[in-house]
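So the structure is just underneath, and the comments pick up after that.
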Amino acid sequence: MELFIMLVIGIFVVSYRQQNGENVYKFIANNIKNIYNKYAPYSYQEVRQKSKELGQEYGPKEYVVQVILIGGLFLVIGYIYFYSIVMAILYMALSIMFIPYLAYLKNKRVYSEFIFEEIQVYCSNVINEFNTTQSFVKALEGVVASNILEDPVLSDVVTMINMSYQNGTIDEAVEWFNQKYPYYMVKNMHQLFLQVTKEGAKDSGESFENMMLDIDLLVEGVYRDKMDREASHKKFVMFGIALYFLVMLIQTLLDKNNYKAMLSLWYVQALLHIVIIINSYFIISGEKFYNEDTGVE
């Protein structure tokens with residue numbers, strides 16, 4: 001009954017789309033895209049475009065290299081685990097399917113690094129402007145007028161200015177910006193501005209100087225963490241690849257002929273599949289950690 005209902009729905013969708021002159025694949029893709037853009041913090045198109053502008057996006061050459069390296073690696077892994085050309089080709093094909101996801105992770109990391117740099121520039125320059133204007137909104141306007149920021153941070157600062165004038169207070173604008181950019185330096189700086197604006201402060205200059213020192217220390221810590229991640233990432237990848245080839249040690253201990261004889265047992269093959277899947281999950285999780293948002297709490 002459930003299968004019949006799904007079939008009817010499928011026929012209805014296909015016929016409806018054809019009547020409206022729209023391809024079914026395009027219809028499904030557009031709906032997925034709309035859902036993603038509705039709930040994602042920023043669209044993948046925006047991330048990809050910025051990566052392209054920064055010269056960090058995967059091009060055809062990079063994709064070909066990734067296909068050769070990753071596909072070739074899993075072709076070898078599939079064969080030495082099962083001594084089967086079919087399994088080798090299957091694992092090669094599956095591994096190639098993950099290359100776009102790895103490209104997505106890289107683009108996301110590049111974008112987050114760009115945003116972090118923009119936030120650093122935003123905080124430093126707003127403090128400098130405030131020391132001159134003694135007004136948070138005027139400081140924001142000075143930063144916008146200086147043309148040192150880029151979108152999307154620039155347009156979001158303009159939104160803050162408009163919200164402040166519309167509401168007659170900076171509270172909602174600050175809260176909105178804090179939620180969109182949940183960085184430690186942003187929250188602390190805005191908290192200090194709220195305190196100075198509402199309660200006043202005799203030595204606000206000294207407070208902002210201390211804030212600038214905190215920002216410098218935080219940025220230094222973030223970039224030190226970035227360098228540590230890069231160094232440990234290479235070791236992690238090599239370690240993950242080495243784990244795949246532990247099966248060769250097992251074959252040496254058992255003798256290759258005995259190992260091949262054991263492959264006829266279904267539970268041995270199942271165990272080998274589980275080993276590959278767990279190790280692959282381990283590597284993908286590590287890649288995801290390496291490409292996490294820079295500087296975000």
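The values are calculated or read from the model by the stated rules, or taken from the named source; none is laboratory data. The structure presented is a predicted model; accordingly, all values stated were derived computationally and were not measured. Every residue, glycine as well, gets a Cβ built from its backbone with ideal geometry; the counts of neighbours run over all protein chains shown. Side chains included, ligands, DNA and RNA excluded: accessible areas come from the protein's heavy atoms. Shrake-Rupley method; radii C 1.70, N 1.55, O 1.52, S 1.80 Å.
If each Cα of region 58-214 is one equal point scatterer, what is log10 of I(q)/I(0) from the Debye formula at q = 0.10 Å⁻¹? Log10 of I(q)/I(0), two decimals: -0.53. Across region 178-187, coupling constants 3J(HN,Hα) worked out from phi with the 6.51/-1.76/1.60 Karplus curve, θ = phi - 60°, read 4, 6, 6, 10, x, 9, 4, 5, 5, 4 Hz, and Gly and Pro carry x. Pairs of alpha-carbon atoms within less than 8 angstrom and 6+ residues apart define the contacts here; what relative contact order does region 155-236 have, in percent? Normalised by residue count, the contact order of region 155-236 is 18 percent. Taking trypsin sites (Lys or Arg not before Pro) across region 164-237, the ones in a DSSP loop with at most 14 further Cβ atoms lying within 10 angstrom of their Cβ are LYS202. Global dimensions of region 221-289 from alpha-carbon coordinates: Rg and Dmax equal 16.7, 54 Å.
Sum up the charges of everything whose Cβ sits under 12 Å from the Cβ of ASP214, counting Lys and Arg as +1 and Asp and Glu as -1, but leave ASP214 out.
On the way: positive: LYS187; negative: GLU209, ASP216, GLU220.
So the surrounding residues net to -2.
Of GLU113, GLU230, which has the most accessible area and how do the rest follow, probe 1.4 Å? The partial results should precede the final answer.
Details: GLU113 30, GLU230 75 Å².
Most to least solvent-accessible, the answer reads GLU230, GLU113.
Counting only Cα atoms, region 162-297 measures 83, 30, 19 Å along its principal axes, largest extent leading. In the structure shown, the pairs LYS108/LYS138; LYS106/LYS235; LYS180/LYS234 are assessed against 27 Å; a Cα-Cα span above that value is assigned to LYS108/LYS138; LYS180/LYS234.
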